[in-house]
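A quick write-up on the structure given underneath.
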Amino acid sequence: MRSIRIPGDRVGALVGKEGASKKLLEERTGIKIQVDKEGGVMIFDDAEGVEPINALKIMDVVKAIGRGFNPDKAMKILDDDDMYLETIDIKDAVGDRQSQVARARGRIIGREGKTRKLIEDLAGVYLCIYGNTVSIIGNSISLPIAKNAIEMLLHGSEHSTVYHYLESQRPKLRIAEMGFDL
């Protein structure tokens, strides 16, 4: 049995309408989940016949939903053994001042969500900015590229520099999409 906490306002997303998301997650993994109203999640992964990889992946799915992803995107982690969740704390890069955190969040999101959308499209990842964190769901090739782009933005790089970096990584991503090892 494992336990994890998610923000209380994300409990509804984890459970879903009439328990649909929770039920789907339990069916896909064979692992029972218990959620309380405050955000405590108990994962009963010690049942017989449960694949060990599912026990690890369900933790990432719950964390992803807790970090702001909708359940459909979070469950992409279960679809592919090469999908991972990475969370970056904005405060680690810019400090504790709320004005700096808000500015950094704005830089990552961009005007009308343009920068966030470009990072998702060019790197082939899913991105969610929630509270003081940026979470990324991607594969072993695209995840480090997106993480580097976000860290560049957090450390003050120009948006155009980040866009050029992402464009320069496209050939690497295309080769990986074809199934060749890098």
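Is it the case that segment 168-179 has a residue that's of a type in the set (Val, Ile, Thr), modelled with pLDDT under 95 and open to solvent by 60 Å² or more (accessible area, probe 1.4 Å)? Walk me through how you get there before you give the answer.
At the first step, the residues of segment 168-179 found to be of a type in the set (Val, Ile, Thr) are 175.
Cutting the leftovers down to modelled with pLDDT under 95 gives us 175.
Then drop every residue that is not open to solvent by 60 Å² or more (accessible area, probe 1.4 Å), which leaves 175.
Yes, there is a match, as at least one residue in segment 168-179 is of a type in the set (Val, Ile, Thr), modelled with pLDDT under 95 and open to solvent by 60 Å² or more (accessible area, probe 1.4 Å).
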Inset, instruction - Name every residue in segment 151-176 that is in a helix (DSSP H, G or I), out of contact with any Gly (no Cβ under 8 Å at 6 or more places or on another chain) and touching a residue at least 24 places away in the same chain (Cβ under 8 Å), in order of residue number. - result: 151, 153, 154, 162, 163, 166, 167, 170, 172, 176
Legend entry - The lone exception for residue 64 - which of (1) modelled with pLDDT of 90 or more; (2) among the small types (Gly, Ala, Ser); (3) open to solvent by 50 Å² or more (accessible area, probe 1.4 Å) it fails: (3)
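Considering each of 175, 150, 129 in turn, give the residue that is in contact with a strand residue (DSSP E or B) (Cβ under 7 Å, 6 or more places away or on another chain) and β-branched (Val, Ile, Thr). Let's see the steps before the verdict.
Values: 175 fails: in contact with a strand residue (DSSP E or B) (Cβ under 7 Å, 6 or more places away or on another chain); 129 fails: in contact with a strand residue (DSSP E or B) (Cβ under 7 Å, 6 or more places away or on another chain).
The conditions single out 150.
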Legend entry - Considering residues of segment 45-60 that are within 20 Å of residue 10 (Cα to Cα) and either small (Gly, Ala, Ser) or touching a strand residue (DSSP E or B) at 6+ places or on another chain (Cβ under 8 Å) (or both) only, the residue least open to solvent (accessible area, probe 1.4 Å): 58
Legend entry - Residues (assigned to a helix (DSSP H, G or I) and either under 20 Å from residue 139 (Cβ atoms) or charged (D, E, K, R) (or both)) located in segment 45-61: 53, 54, 56, 57, 58, 59, 60, 61
Legend entry - The one condition in (1) touching a residue at least 12 places away in the same chain (Cβ under 8 Å); (2) open to solvent by 50 Å² or more (accessible area, probe 1.4 Å); (3) part of a helix (DSSP H, G or I); (4) closer than 27 Å to residue 61 by Cβ that residue 119 fails to fulfil: (2)
Inset, instruction - Just one of (1) modelled with pLDDT of 95 or more; (2) under 30 Å from residue 42 (Cβ atoms) trips up residue 81, so point out which. - result: (1)
Legend entry - Restricting segment 137-152 to residues that are under 13 Å from residue 115 (Cα atoms) and buried (at least 22 other Cβ atoms within 10 Å of the Cβ), the residue that is nearest to the chain's Cα centre (by Cα): 146
Inset, instruction - Restrict the check to segment 93-102 and report whether at least one residue is surrounded by fewer than 20 Cβ atoms within 10 Å (Cβ to Cβ) and touching a residue at least 40 places away in the same chain (Cβ under 8 Å). - result: yes
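Would you pick out the residues in segment 146-182 that are within 21 Å of residue 63 (Cβ to Cβ) and hydrophobic (A, V, I, L, M, F, W, C)? Spell out the reasoning first.
Residues of segment 146-182 within 21 Å of residue 63 (Cβ to Cβ): 146-147, 150-151, 154.
Selection gives 146, 150, 154.
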Inset, instruction - For segment 1-43, name all the residues that are assigned to a loop (DSSP other than H, G, I, E, B) and either open to solvent by 40 Å² or more (accessible area, probe 1.4 Å) or under 12 Å from residue 65 (Cβ atoms) (or both). - result: 1, 6, 7, 16, 30, 36, 37, 38, 39
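The values are calculated or read from the model by the stated rules, or taken from the named source; none is laboratory data. Here the structure is a predicted model, which is why all the values come from computation and not from measurement. Cβ: placed from backbone, ideal geometry, glycine included. Neighbour counts: every protein chain shown. Ligands, DNA and RNA are stripped out before the accessible areas are found, and what is left, the full protein with its side chains, is counted by its heavy atoms. Shrake-Rupley method; radii C 1.70, N 1.55, O 1.52, S 1.80 Å.
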